[in-house]
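First the structure, in the form of structure tokens, and then the observations on it.
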Amino acid sequence: MLFKCYCYIIDKRGNAMNDTKKIFETYCDFVTKVTSEPSLDIDSLKKSIEKIQNGSEIDAPRILTAALGLSSESGEFTEIVKKIFLQGKPADKENVFHMKRELGDIMWYWVTACMALKLDPTEVILENQKKLEARYGEKFTVNQSEVRAKGDL
Ligand SMILES: [Mg+2]
């Protein structure tokens, strides 16, 4: 299917391009239909942010900053690993230093998330340790990784 779409896109004849355009118009309509109001409308997004900010303990601006930052900084870290393993980037001290810098950025956003949720960072780490010990005991196994107890997130 992807190859077929690619063929439509590179074909310079009008009909093929129109087919591609129709496919994307139809798909864009579908995407819009299955998108929430706060993702489509600024006033709805503002209401959602205010509801969370005023109706919970969560610091809305800070958790949005943390969530966006964690994702982007994790991507920066992953890109270095990708380039080392797949694109010939040297596995040298310079790139380890670069990964160290990205891990620091991740930590900054991770602590921001803890503060936004009023969580003690030490307790978050201990909770993770408790969860993994309950899941694996002393040693990792594939079965325990794949077959989780109810509520084991
Ligand atoms: Mg960074």
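Read the figures in this text as sums done on the coordinates, not as results from a lab. Keep in mind the model is a prediction, meaning the values are calculated, not measured. Here the Cβ is made from the backbone with ideal geometry for all residues, glycine too, and neighbour counts use every protein chain on show.
Given R₀ = 30 Å, FRET efficiency for residue 144-residue 124 by Cβ-Cβ distance, to 0.05?
Working: r = 22 Å, r/R0 = 0.73.
About 0.85, to the nearest 0.05.
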What is the log10 of I(q)/I(0) for the range 98-153, computed with the Debye formula using one identical point scatterer on each Cα and no solvent, at q = 0.28 Å⁻¹?
-0.99
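Among the helices of the chain (complete DSSP H runs), which have Cα atoms covering no less than 15 Å along the helix axis and a Kyte-Doolittle mean of at least -0.5?
Working: long enough: 14-33 (28 Å, -0.63); 42-55 (19 Å, -0.74); 60-86 (38 Å, 0.55); 93-116 (34 Å, -0.10); 121-136 (23 Å, -0.96).
In the chain, the long hydrophobic H runs are 60-86, 93-116.
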